[in-house]
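The values are calculated or read from the model by the stated rules, or taken from the named source; none is laboratory data. Quick caveat, the model's predicted, so the values are computed rather than measured. All Cβ positions, glycine included, derive from the backbone under ideal geometry; neighbour counts span all protein chains shown. Only protein heavy atoms, including side chains, enter the accessible area calculation; ligands, DNA and RNA are left aside. Shrake-Rupley method; radii C 1.70, N 1.55, O 1.52, S 1.80 Å.
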Amino acid sequence: MYTPAITGTGVFTPDEVITNAELVEAFNAYADRMNAANAAPIAAGEMEPMQHSSDAFIVKASGIERRHVMNKSGILDPEVMHPLLRQRSDDEPGIMAEMALDAANKALEQAGRSPEDIDLVICAASNMERAYPAIAIEIQSLLGIKGFAFDMNVACSSATFGIQAAADMIRSGSVRAALVVNPEICSGHLEWRDRDCHFIFGDVATATVIERIEDAKGPHFEILSTRCATQFSNNIRNNNGFLRRSRPDGMKDRRDMQFMQNGRKVFKEVVPMVSHHIADHMTAEGLEGAALKRMWLHQANKTMNDLIGKKVLGREPAPEEQPNILQEYANTSSAGSIIAFSQNSDDLAEGDLGLICSFGAGYSVGSVLLRRHL
Ligand code: CO8
(Lines give C-alpha, C1' and ligand atoms only; values in the text may rest on other atoms or scores of the structure.)
Protein backbone atom coordinates (compact mmCIF):
# COMPACT_ATOMS: atom_id res chain seq x y z
CA MET A 1 0.00 0.00 0.00
CA TYR A 2 1.21 3.50 -0.86
CA THR A 3 0.50 6.73 1.05
CA PRO A 4 -1.26 9.41 -1.03
CA ALA A 5 -0.53 13.15 -0.71
CA ILE A 6 -1.91 16.37 -2.15
CA THR A 7 1.05 18.06 -3.83
CA GLY A 8 -0.60 20.86 -5.79
CA THR A 9 -3.84 22.78 -6.22
CA GLY A 10 -5.00 25.43 -8.67
CA VAL A 11 -7.95 27.79 -9.02
CA PHE A 12 -9.39 29.30 -12.20
CA THR A 13 -11.32 32.47 -11.35
CA PRO A 14 -13.48 33.99 -14.13
CA ASP A 15 -12.72 37.68 -14.82
CA GLU A 16 -16.33 38.86 -14.69
CA VAL A 17 -17.70 39.80 -11.27
CA ILE A 18 -21.25 40.57 -10.16
CA THR A 19 -21.60 42.47 -6.89
CA ASN A 20 -24.71 42.05 -4.75
CA ALA A 21 -25.71 45.64 -5.63
CA GLU A 22 -25.57 44.90 -9.40
CA LEU A 23 -27.40 41.60 -8.95
CA VAL A 24 -30.18 43.14 -6.87
CA GLU A 25 -30.61 46.06 -9.29
CA ALA A 26 -31.10 43.65 -12.22
CA PHE A 27 -33.41 41.37 -10.25
CA ASN A 28 -35.56 44.27 -9.05
CA ALA A 29 -35.84 45.62 -12.61
CA TYR A 30 -37.01 42.15 -13.72
CA ALA A 31 -39.52 41.97 -10.84
CA ASP A 32 -40.91 45.42 -11.72
CA ARG A 33 -41.34 44.37 -15.37
CA MET A 34 -43.10 41.16 -14.36
CA ASN A 35 -45.39 43.04 -11.98
CA ALA A 36 -46.22 45.63 -14.68
CA ALA A 37 -46.92 42.88 -17.22
CA ASN A 38 -49.24 41.16 -14.74
CA ALA A 39 -50.83 44.29 -13.26
CA ALA A 40 -54.41 43.10 -13.89
CA PRO A 41 -54.20 39.65 -12.20
CA ILE A 42 -52.17 41.18 -9.36
CA ALA A 43 -54.82 43.93 -8.84
CA ALA A 44 -57.56 41.25 -8.94
CA GLY A 45 -55.76 39.30 -6.22
CA GLU A 46 -55.24 36.34 -8.57
CA MET A 47 -51.47 36.60 -8.51
CA GLU A 48 -48.86 37.61 -5.93
CA PRO A 49 -46.57 40.46 -6.99
CA MET A 50 -42.85 39.66 -7.12
CA GLN A 51 -40.96 41.04 -4.12
CA HIS A 52 -37.72 42.99 -4.40
CA SER A 53 -34.41 41.40 -3.39
CA SER A 54 -31.96 43.19 -1.11
CA ASP A 55 -28.19 43.36 -0.66
CA ALA A 56 -28.59 43.58 3.14
CA PHE A 57 -30.64 40.32 3.19
CA ILE A 58 -28.11 38.49 1.03
CA VAL A 59 -25.14 39.42 3.23
CA LYS A 60 -27.03 38.67 6.46
CA ALA A 61 -28.51 35.34 5.29
CA SER A 62 -25.42 33.98 3.49
CA GLY A 63 -22.29 36.11 3.94
CA ILE A 64 -21.99 36.40 0.12
CA GLU A 65 -20.86 39.80 -1.24
CA ARG A 66 -20.04 39.08 -4.90
CA ARG A 67 -19.57 36.18 -7.33
CA HIS A 68 -17.40 35.49 -10.40
CA VAL A 69 -19.26 34.31 -13.52
CA MET A 70 -18.46 33.20 -17.07
CA ASN A 71 -20.97 35.70 -18.49
CA LYS A 72 -22.35 38.69 -16.66
CA SER A 73 -24.27 40.56 -19.38
CA GLY A 74 -27.00 37.94 -19.81
CA ILE A 75 -27.50 37.42 -16.08
CA LEU A 76 -27.89 41.17 -15.50
CA ASP A 77 -30.18 41.78 -18.49
CA PRO A 78 -33.79 41.79 -17.15
CA GLU A 79 -34.88 40.51 -20.58
CA VAL A 80 -32.59 37.46 -20.32
CA MET A 81 -31.71 36.56 -16.67
CA HIS A 82 -29.25 33.77 -17.47
CA PRO A 83 -25.68 33.59 -18.80
CA LEU A 84 -25.18 33.87 -22.56
CA LEU A 85 -22.44 31.54 -23.73
CA ARG A 86 -21.55 31.13 -27.38
CA GLN A 87 -22.24 27.83 -29.12
CA ARG A 88 -18.92 26.03 -29.63
CA SER A 89 -18.23 23.62 -32.45
CA ASP A 90 -17.59 20.00 -31.52
CA ASP A 91 -13.98 20.48 -32.60
CA GLU A 92 -13.12 23.13 -30.01
CA PRO A 93 -12.70 22.61 -26.27
CA GLY A 94 -15.93 22.74 -24.27
CA ILE A 95 -16.30 25.49 -21.69
CA MET A 96 -15.90 23.15 -18.71
CA ALA A 97 -12.72 21.66 -20.19
CA GLU A 98 -11.36 25.15 -20.82
CA MET A 99 -12.05 26.26 -17.23
CA ALA A 100 -10.57 23.05 -15.82
CA LEU A 101 -7.45 23.31 -17.99
CA ASP A 102 -6.44 26.62 -16.43
CA ALA A 103 -6.84 25.26 -12.88
CA ALA A 104 -5.11 21.98 -13.82
CA ASN A 105 -2.04 23.75 -15.23
CA LYS A 106 -1.71 25.79 -12.02
CA ALA A 107 -2.02 22.65 -9.86
CA LEU A 108 0.56 20.78 -11.97
CA GLU A 109 2.94 23.73 -11.73
CA GLN A 110 2.62 23.83 -7.94
CA ALA A 111 3.28 20.10 -7.75
CA GLY A 112 6.28 20.45 -10.08
CA ARG A 113 4.65 17.92 -12.41
CA SER A 114 4.00 17.76 -16.13
CA PRO A 115 1.03 16.01 -17.75
CA GLU A 116 3.08 12.90 -18.61
CA ASP A 117 3.49 12.24 -14.86
CA ILE A 118 -0.31 11.88 -14.42
CA ASP A 119 -2.17 8.66 -15.21
CA LEU A 120 -5.70 9.44 -13.98
CA VAL A 121 -8.05 12.43 -14.51
CA ILE A 122 -11.32 12.66 -12.60
CA CYS A 123 -13.71 15.47 -13.51
CA ALA A 124 -15.85 15.75 -10.37
CA ALA A 125 -18.56 18.43 -10.55
CA SER A 126 -22.23 19.03 -9.84
CA ASN A 127 -23.22 19.54 -13.48
CA MET A 128 -21.69 18.27 -16.72
CA GLU A 129 -22.23 20.30 -19.88
CA ARG A 130 -22.96 17.11 -21.81
CA ALA A 131 -23.55 13.46 -21.04
CA TYR A 132 -20.73 12.05 -23.19
CA PRO A 133 -17.95 11.86 -24.12
CA ALA A 134 -16.76 12.46 -20.56
CA ILE A 135 -15.45 15.96 -19.85
CA ALA A 136 -12.55 14.27 -18.00
CA ILE A 137 -11.47 12.48 -21.18
CA GLU A 138 -11.54 15.76 -23.09
CA ILE A 139 -9.34 17.36 -20.39
CA GLN A 140 -7.04 14.33 -20.48
CA SER A 141 -6.68 14.73 -24.25
CA LEU A 142 -6.14 18.52 -24.10
CA LEU A 143 -3.36 18.04 -21.55
CA GLY A 144 -1.84 15.06 -23.35
CA ILE A 145 -2.21 12.72 -20.38
CA LYS A 146 -1.99 8.95 -20.85
CA GLY A 147 -3.92 6.46 -18.68
CA PHE A 148 -7.64 6.95 -18.12
CA ALA A 149 -10.25 9.51 -17.10
CA PHE A 150 -13.88 9.61 -15.98
CA ASP A 151 -16.58 11.99 -14.75
CA MET A 152 -18.38 11.79 -11.46
CA ASN A 153 -21.14 13.86 -9.88
CA VAL A 154 -21.92 14.09 -6.18
CA ALA A 155 -23.13 17.73 -6.27
CA CYS A 156 -21.28 19.91 -3.73
CA SER A 157 -19.32 16.91 -2.43
CA SER A 158 -17.90 15.96 -5.83
CA ALA A 159 -14.36 17.19 -5.05
CA THR A 160 -13.91 15.27 -1.79
CA PHE A 161 -15.50 12.12 -3.23
CA GLY A 162 -13.16 12.52 -6.23
CA ILE A 163 -10.15 12.90 -3.91
CA GLN A 164 -11.21 9.74 -2.04
CA ALA A 165 -11.49 7.78 -5.32
CA ALA A 166 -8.08 9.00 -6.51
CA ALA A 167 -6.42 8.48 -3.09
CA ASP A 168 -7.74 4.90 -2.91
CA MET A 169 -6.34 4.11 -6.35
CA ILE A 170 -2.97 5.57 -5.37
CA ARG A 171 -3.01 3.54 -2.13
CA SER A 172 -3.66 0.32 -4.03
CA GLY A 173 -1.09 1.09 -6.73
CA SER A 174 -3.51 1.10 -9.69
CA VAL A 175 -2.43 4.69 -10.49
CA ARG A 176 0.67 6.66 -9.55
CA ALA A 177 -0.53 10.28 -9.82
CA ALA A 178 -4.01 11.74 -10.32
CA LEU A 179 -5.58 15.05 -11.26
CA VAL A 180 -9.02 15.78 -9.80
CA VAL A 181 -10.67 18.78 -11.50
CA ASN A 182 -13.86 20.59 -10.46
CA PRO A 183 -15.13 22.96 -13.16
CA GLU A 184 -18.31 24.43 -11.69
CA ILE A 185 -20.41 26.57 -14.01
CA CYS A 186 -23.23 26.97 -11.51
CA SER A 187 -24.60 30.08 -13.27
CA GLY A 188 -26.00 27.81 -16.00
CA HIS A 189 -28.31 26.00 -13.58
CA LEU A 190 -29.17 28.76 -11.16
CA GLU A 191 -32.65 30.32 -11.39
CA TRP A 192 -31.66 33.98 -11.50
CA ARG A 193 -35.38 34.97 -11.52
CA ASP A 194 -36.05 33.55 -8.03
CA ARG A 195 -35.12 35.92 -5.19
CA ASP A 196 -34.85 33.02 -2.70
CA CYS A 197 -31.78 31.68 -4.47
CA HIS A 198 -30.61 34.16 -7.15
CA PHE A 199 -27.63 35.24 -5.02
CA ILE A 200 -26.30 31.81 -4.07
CA PHE A 201 -23.93 30.60 -6.80
CA GLY A 202 -20.87 31.59 -8.82
CA ASP A 203 -18.56 29.99 -11.40
CA VAL A 204 -15.01 28.72 -10.84
CA ALA A 205 -12.78 25.69 -11.46
CA THR A 206 -10.36 24.00 -9.09
CA ALA A 207 -7.81 21.23 -9.56
CA THR A 208 -5.88 18.98 -7.16
CA VAL A 209 -2.82 16.81 -7.85
CA ILE A 210 -2.64 13.66 -5.71
CA GLU A 211 0.36 11.31 -5.87
CA ARG A 212 2.46 8.90 -3.82
CA ILE A 213 3.98 10.78 -0.89
CA GLU A 214 7.48 9.63 -1.76
CA ASP A 215 7.12 11.29 -5.18
CA ALA A 216 6.29 14.75 -3.72
CA LYS A 217 8.74 17.38 -4.93
CA GLY A 218 7.90 20.13 -2.45
CA PRO A 219 5.72 20.95 0.58
CA HIS A 220 2.63 18.74 0.56
CA PHE A 221 -0.28 17.35 2.55
CA GLU A 222 -0.33 13.66 3.44
CA ILE A 223 -3.84 12.21 3.08
CA LEU A 224 -4.29 10.41 6.40
CA SER A 225 -7.82 9.22 5.63
CA THR A 226 -11.02 10.10 3.81
CA ARG A 227 -14.66 9.53 4.71
CA CYS A 228 -17.76 9.84 2.50
CA ALA A 229 -21.44 9.56 3.41
CA THR A 230 -24.76 10.03 1.60
CA GLN A 231 -28.40 10.12 2.67
CA PHE A 232 -31.20 10.73 0.14
CA SER A 233 -33.05 14.05 0.35
CA ASN A 234 -35.28 16.02 -2.04
CA ASN A 235 -34.43 19.33 -0.37
CA ILE A 236 -31.85 20.24 -3.03
CA ARG A 237 -32.92 19.08 -6.46
CA ASN A 238 -32.65 19.77 -10.19
CA ASN A 239 -35.03 17.89 -12.50
CA ASN A 240 -33.26 18.73 -15.73
CA GLY A 241 -31.94 15.70 -17.60
CA PHE A 242 -32.00 13.62 -20.76
CA LEU A 243 -35.64 12.56 -20.31
CA ARG A 244 -36.84 16.17 -20.43
CA ARG A 245 -38.28 16.20 -23.96
CA SER A 246 -40.11 12.94 -23.27
CA ARG A 247 -42.32 14.55 -20.62
CA PRO A 248 -45.77 16.07 -21.54
CA ASP A 249 -44.58 19.66 -20.98
CA GLY A 250 -40.93 18.73 -21.26
CA MET A 251 -39.41 21.68 -23.12
CA LYS A 252 -41.46 24.37 -21.36
CA ASP A 253 -39.78 26.97 -19.16
CA ARG A 254 -40.32 25.06 -15.93
CA ARG A 255 -38.93 26.21 -12.58
CA ASP A 256 -37.96 22.68 -11.53
CA MET A 257 -35.50 22.42 -14.43
CA GLN A 258 -33.15 24.75 -12.53
CA PHE A 259 -31.67 24.56 -9.03
CA MET A 260 -34.37 24.16 -6.37
CA GLN A 261 -33.88 24.01 -2.64
CA ASN A 262 -35.64 24.26 0.66
CA GLY A 263 -32.83 26.34 2.18
CA ARG A 264 -34.15 26.37 5.76
CA LYS A 265 -34.46 22.57 5.88
CA VAL A 266 -31.05 22.11 4.28
CA PHE A 267 -29.55 24.38 6.91
CA LYS A 268 -31.23 22.56 9.82
CA GLU A 269 -30.55 19.02 8.61
CA VAL A 270 -27.07 19.39 7.14
CA VAL A 271 -25.36 21.22 10.06
CA PRO A 272 -25.80 18.27 12.52
CA MET A 273 -25.10 15.72 9.78
CA VAL A 274 -21.76 17.38 8.96
CA SER A 275 -20.77 18.01 12.59
CA HIS A 276 -21.35 14.32 13.45
CA HIS A 277 -19.59 13.21 10.28
CA ILE A 278 -16.42 15.16 11.15
CA ALA A 279 -16.55 14.05 14.81
CA ASP A 280 -16.90 10.38 13.73
CA HIS A 281 -14.06 10.74 11.24
CA MET A 282 -11.76 12.21 13.92
CA THR A 283 -12.78 9.54 16.48
CA ALA A 284 -12.02 6.77 13.97
CA GLU A 285 -8.52 8.25 13.70
CA GLY A 286 -8.13 8.38 17.49
CA LEU A 287 -8.24 12.18 17.42
CA GLU A 288 -10.45 14.98 18.77
CA GLY A 289 -11.83 17.84 16.68
CA ALA A 290 -9.69 20.25 18.71
CA ALA A 291 -6.57 18.63 17.16
CA LEU A 292 -7.37 20.33 13.83
CA LYS A 293 -5.31 23.42 13.06
CA ARG A 294 -7.55 24.30 10.14
CA MET A 295 -10.84 23.35 8.48
CA TRP A 296 -11.56 24.11 4.85
CA LEU A 297 -15.32 23.79 4.75
CA HIS A 298 -17.83 23.81 1.89
CA GLN A 299 -18.66 27.41 1.05
CA ALA A 300 -22.46 27.72 1.05
CA ASN A 301 -23.32 29.83 4.06
CA LYS A 302 -21.22 31.67 6.65
CA THR A 303 -23.52 30.98 9.61
CA MET A 304 -23.61 27.29 8.70
CA ASN A 305 -19.78 27.17 8.71
CA ASP A 306 -19.59 29.08 12.02
CA LEU A 307 -21.94 26.53 13.64
CA ILE A 308 -20.09 23.51 12.25
CA GLY A 309 -16.70 24.95 13.30
CA LYS A 310 -17.97 25.59 16.82
CA LYS A 311 -19.35 22.05 17.16
CA VAL A 312 -16.15 20.43 15.87
CA LEU A 313 -13.65 22.51 17.88
CA GLY A 314 -15.84 22.81 20.99
CA ARG A 315 -15.36 26.58 20.96
CA GLU A 316 -15.72 29.63 18.69
CA PRO A 317 -13.26 29.11 15.78
CA ALA A 318 -10.86 31.97 15.02
CA PRO A 319 -11.30 33.22 11.42
CA GLU A 320 -7.92 31.78 10.35
CA GLU A 321 -8.88 28.33 11.69
CA GLN A 322 -11.79 28.16 9.29
CA PRO A 323 -11.22 30.49 6.34
CA ASN A 324 -14.22 31.50 4.24
CA ILE A 325 -14.01 32.52 0.60
CA LEU A 326 -17.76 32.67 -0.08
CA GLN A 327 -17.84 36.45 0.36
CA GLU A 328 -15.76 36.69 -2.85
CA TYR A 329 -16.91 33.62 -4.83
CA ALA A 330 -20.41 32.78 -3.45
CA ASN A 331 -21.24 29.05 -3.40
CA THR A 332 -19.21 27.37 -6.14
CA SER A 333 -20.51 23.90 -5.28
CA SER A 334 -17.74 21.28 -5.09
CA ALA A 335 -14.97 23.81 -5.76
CA GLY A 336 -15.61 25.93 -2.64
CA SER A 337 -13.69 23.90 -0.05
CA ILE A 338 -10.81 23.44 -2.53
CA ILE A 339 -10.56 27.23 -3.14
CA ALA A 340 -10.47 27.74 0.64
CA PHE A 341 -7.74 25.08 0.90
CA SER A 342 -5.74 26.36 -2.06
CA GLN A 343 -5.72 29.97 -0.82
CA ASN A 344 -5.25 29.28 2.91
CA SER A 345 -2.89 26.37 3.52
CA ASP A 346 0.71 27.48 2.77
CA ASP A 347 1.28 28.85 6.29
CA LEU A 348 0.64 25.56 8.14
CA ALA A 349 3.67 24.10 9.97
CA GLU A 350 5.21 20.60 9.75
CA GLY A 351 2.86 18.07 11.33
CA ASP A 352 -0.20 20.37 11.50
CA LEU A 353 -3.53 18.62 10.91
CA GLY A 354 -6.28 20.01 8.69
CA LEU A 355 -9.56 18.78 7.25
CA ILE A 356 -11.30 19.52 3.94
CA CYS A 357 -15.05 18.95 4.25
CA SER A 358 -17.75 19.42 1.63
CA PHE A 359 -21.49 18.90 1.93
CA GLY A 360 -24.61 19.47 -0.13
CA ALA A 361 -27.17 17.92 -2.42
CA GLY A 362 -27.84 14.21 -2.11
CA TYR A 363 -27.42 14.81 0.82
CA SER A 364 -23.69 14.13 0.65
CA VAL A 365 -20.75 14.78 2.98
CA GLY A 366 -17.08 14.13 2.29
CA SER A 367 -14.04 14.76 4.49
CA VAL A 368 -10.32 14.49 3.84
CA LEU A 369 -7.96 14.47 6.84
CA LEU A 370 -4.54 15.92 6.05
CA ARG A 371 -1.12 16.31 7.70
CA ARG A 372 1.25 19.05 6.55
CA HIS A 373 4.82 18.20 5.51
CA LEU A 374 7.41 20.80 4.53
N1 CO8 B 1 -34.03 39.49 -0.58
C2 CO8 B 1 -34.85 39.88 0.42
N3 CO8 B 1 -35.62 39.01 1.12
C4 CO8 B 1 -35.55 37.71 0.79
C5 CO8 B 1 -34.72 37.24 -0.26
C6 CO8 B 1 -33.94 38.20 -0.95
N7 CO8 B 1 -33.13 37.84 -1.97
N8 CO8 B 1 -34.85 35.91 -0.35
C9 CO8 B 1 -35.73 35.53 0.58
N10 CO8 B 1 -36.15 36.60 1.26
C11 CO8 B 1 -37.12 36.62 2.36
C12 CO8 B 1 -37.99 35.37 2.36
O13 CO8 B 1 -39.08 35.52 1.48
C14 CO8 B 1 -38.40 35.28 3.81
O15 CO8 B 1 -39.47 36.16 4.05
P16 CO8 B 1 -40.64 35.75 5.10
O17 CO8 B 1 -39.93 35.59 6.42
O18 CO8 B 1 -41.57 36.89 5.00
O19 CO8 B 1 -41.17 34.42 4.59
C20 CO8 B 1 -37.17 35.81 4.57
O21 CO8 B 1 -36.43 36.59 3.61
C22 CO8 B 1 -36.29 34.70 5.11
O23 CO8 B 1 -36.07 33.73 4.06
P24 CO8 B 1 -35.40 32.33 4.28
O25 CO8 B 1 -36.03 31.65 5.44
O26 CO8 B 1 -35.36 31.58 2.97
O27 CO8 B 1 -33.91 32.81 4.63
P28 CO8 B 1 -32.75 32.04 5.36
O29 CO8 B 1 -32.33 32.87 6.50
O30 CO8 B 1 -33.03 30.60 5.60
O31 CO8 B 1 -31.57 32.10 4.26
C32 CO8 B 1 -30.48 30.66 2.66
C33 CO8 B 1 -31.71 31.48 3.00
C34 CO8 B 1 -29.30 31.62 2.48
C35 CO8 B 1 -30.73 29.93 1.35
C36 CO8 B 1 -30.16 29.68 3.80
O37 CO8 B 1 -31.30 28.96 4.16
C38 CO8 B 1 -29.06 28.68 3.44
O39 CO8 B 1 -27.95 29.04 3.11
N40 CO8 B 1 -29.36 27.39 3.55
C41 CO8 B 1 -28.38 26.34 3.26
C42 CO8 B 1 -28.27 26.21 1.80
C43 CO8 B 1 -27.24 25.23 1.39
O44 CO8 B 1 -26.25 24.94 2.03
N45 CO8 B 1 -27.42 24.69 0.24
C46 CO8 B 1 -26.46 23.81 -0.33
C47 CO8 B 1 -26.93 23.67 -1.71
S48 CO8 B 1 -25.71 23.73 -2.83
C49 CO8 B 1 -25.42 22.17 -3.50
O50 CO8 B 1 -25.58 21.14 -2.92
C51 CO8 B 1 -24.96 22.15 -4.90
C52 CO8 B 1 -26.06 21.85 -5.79
C53 CO8 B 1 -25.60 21.91 -7.17
C54 CO8 B 1 -25.29 23.30 -7.64
C55 CO8 B 1 -26.02 23.63 -8.87
C56 CO8 B 1 -25.77 25.06 -9.35
C57 CO8 B 1 -26.92 25.95 -9.52
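Here are the numbers for the structure shown:
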| item | result |
| --- | --- |
| About the Cα centre, charge dipole magnitude for segment 49-153 (Lys/Arg +1, Asp/Glu -1 at Cβ), debye | 380 |
| Rounded to 5, the percent of DSSP beta bridges in the chain classed as antiparallel | 75 |
| Candidates per trypsin sites (Lys or Arg not before Pro) in segment 294-362, loop by DSSP, up to 15 other Cβ within 10 Å | Arg315 |
| Isotropically averaged projected area of segment 194-288, using the convex hull of Cα atoms (one quarter of hull area), nm² | 10.4 |
| Set of lysines with alpha-carbon distance to Lys106 below 27 Å, sequence-local pairs under 8 removed | Lys72, Lys146, Lys217, Lys293 |
| Mean-position separation - Cα centroids, segment 307-356 and segment 138-159, in angstrom | 25 |
| Gain in span if fully extended, Gln343 to Ser73, counting 0.36 nm per residue against the direct Cα distance | 94.4 nm |
| Low-density loop cleavage sites - trypsin sites (Lys or Arg not before Pro) in segment 217-292, where at most 14 other Cβ are within 10 Å (DSSP) | Lys217, Lys252, Arg254 |
| Calculated FRET efficiency for the pair Arg254/Leu142, C-beta based, R₀ 22 Å, to 0.05 | 0.05 |
| Anisotropy class of segment 140-254 from Cα gyration tensor, a/c 1.5 cut | prolate |
| Anisotropy class of segment 18-109 from Cα gyration tensor, a/c 1.5 cut | oblate |
| Viscosity 1.306 mPa s, temperature 10 °C, Stokes-Einstein D of segment 233-364 from Kirkwood C-alpha radius, µm²/s | 97 |
| Column: log10 I(q)/I(0), Debye, Cα scatterers of the chain, q = 0.07, 0.10, 0.15 Å⁻¹ | -0.31, -0.62, -1.33 |
| Inter-part distance where segment 1-42 and segment 210-255 are each reduced to a Cα centre, Å | 19 |
| Tail beyond 18 Å, pair distance distribution of segment 291-374 (Cα, percent) | 36 |
| Fraction in percent of alpha-carbon pairs per bin - 5 Å, segment 136-184 | 5, 20, 29, 26, 17, 4 |
| Apportionment of accessible area to carbon and sulfur, the chain, percent (1.4 Å) | 51 |
| Largest to smallest accessible area among Tyr132, Tyr2, Tyr30 [probe 1.4 Å] | Tyr132, Tyr2, Tyr30 |
| Heavy-atom surface of the chain, accessible at 1.4 Å and reported per residue (Å²) | 44 |
| Only Lys, Arg (+1) and Asp, Glu (-1) charged, at Cβ; the chain dipole about Cα centre in debye | 920 |
